[in-house]
Amino acid sequence: MISCRSLSKSYDKVDVLRNVSIDFEKGSLSSIVGASGAGKSTLLHIMGTLDKADKGQLIIDGTDTSTLSTKELSEFRNKHIGFIFQFHHLLPELTAIENACLPAYILGEDEKSANRRGSELLERLSLSDRLQHKPSEMSGGEQQRVALARALINRPKILLADEPTGNLDQANAEEVLQLLLEMRSEFGITTVIVTHDMNIASRTGRVLTMKDGFIVN
């Protein structure tokens, strides 16, 4: 599903990724661990087409992403890749249902159809009574569950999570992680989680360790 070939990336002459080659099979569940500055988030952002490598090739489900125009890449990302970050990045002026359905709206889906699917997702994430609430009216755990619904709304092939529980207390972190793993399993989504938490990493089928821009195991 994801094929990274000799990816390298530098910022201000500092090598952040160094010739990284790695494949992620369809439906697999992987985690990437390592110290801060090891290159984990940079690799994840490149795999999600949010950033571009200076060198190397990224192939997603048979598509060489370097052949896509900026507009095509944006559409490809919105349709095929879901994201969850440490901070939920919900739009404060939108309700939970509007935030969850935003990628579907952008894709041009009928609002009624998008809202129906968004409501179903939020209900399954125990947020049926929060559909019309704005982020300021929800707890951190509830906001992250809305972010999970948003990541899944377009039925992506890939789910990329960067410290998805890093901003939550232990109880909420466990709940969000469990929901993420359940939804990922049900939909068969290829999932990669960047984390500092070895408890989270231990619950994935494959653990990759990064150090100084390299994958060391």
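The values are calculated or read from the model by the stated rules, or taken from the named source; none is laboratory data. Note that the structure is a prediction, hence the values are computed from the model and not measured. Quick reminder, even Gly has a Cβ in these numbers, built from the backbone with ideal geometry, and neighbours come from all protein chains shown. Calculation scope for accessible area: heavy atoms of the full protein, side chains included, ligands and nucleic acids excluded. Shrake-Rupley method; radii C 1.70, N 1.55, O 1.52, S 1.80 Å.
Considered as a group, the residues in the stretch 135-172 that are farther than 15 Å from Asp197 by Cα and among the acidic types (Asp, Glu) include one that is nearest to the chain's Cα centre (by Cα), and that residue is Glu142.
Candidates in the stretch 7-32 are the residues that are open to solvent by 50 Å² or more (accessible area, probe 1.4 Å), out of contact with any Leu (no Cβ under 8 Å at 6 or more places or on another chain) and part of a strand (DSSP E or B); of these, the one that is nearest to Val192 (Cα to Cα) is Asp23.
Within the stretch 33-81, restricting attention to residues that are β-branched (Val, Ile, Thr) and in a helix (DSSP H, G or I), the residue that is most open to solvent (accessible area, probe 1.4 Å) is Thr70.
For every residue, the table says whether it meets (1) among the aliphatic types (A, V, I, L, M); (2) within 12 Å of Thr95 (Cβ to Cβ); (3) at pLDDT 85 or above; (4) surrounded by fewer than 20 Cβ atoms within 10 Å (Cβ to Cβ).
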position	(1), (2), (3), (4)
Pro135	no, yes, yes, no
Val146	yes, yes, yes, no
Arg155	no, no, yes, yes
Leu159	yes, no, yes, no
Gly166	no, no, no, yes
Asp169	no, no, no, yes
Glu174	no, no, no, yes
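Condition test on Leu122, is it in contact with a Ser or Thr (Cβ under 7 Å, 6 or more places away or on another chain) and closer than 12 Å to Arg150 by Cβ? Considered against the rule, which asks whether it is in contact with a Ser or Thr (Cβ under 7 Å, 6 or more places away or on another chain) and closer than 12 Å to Arg150 by Cβ, Leu122 comes out as yes. Note on the stretch 82-96: residues that are surrounded by 17 or more Cβ atoms within 10 Å (Cβ to Cβ), in a loop (DSSP other than H, G, I, E, B) and not β-branched (Val, Ile, Thr) amount to 3.
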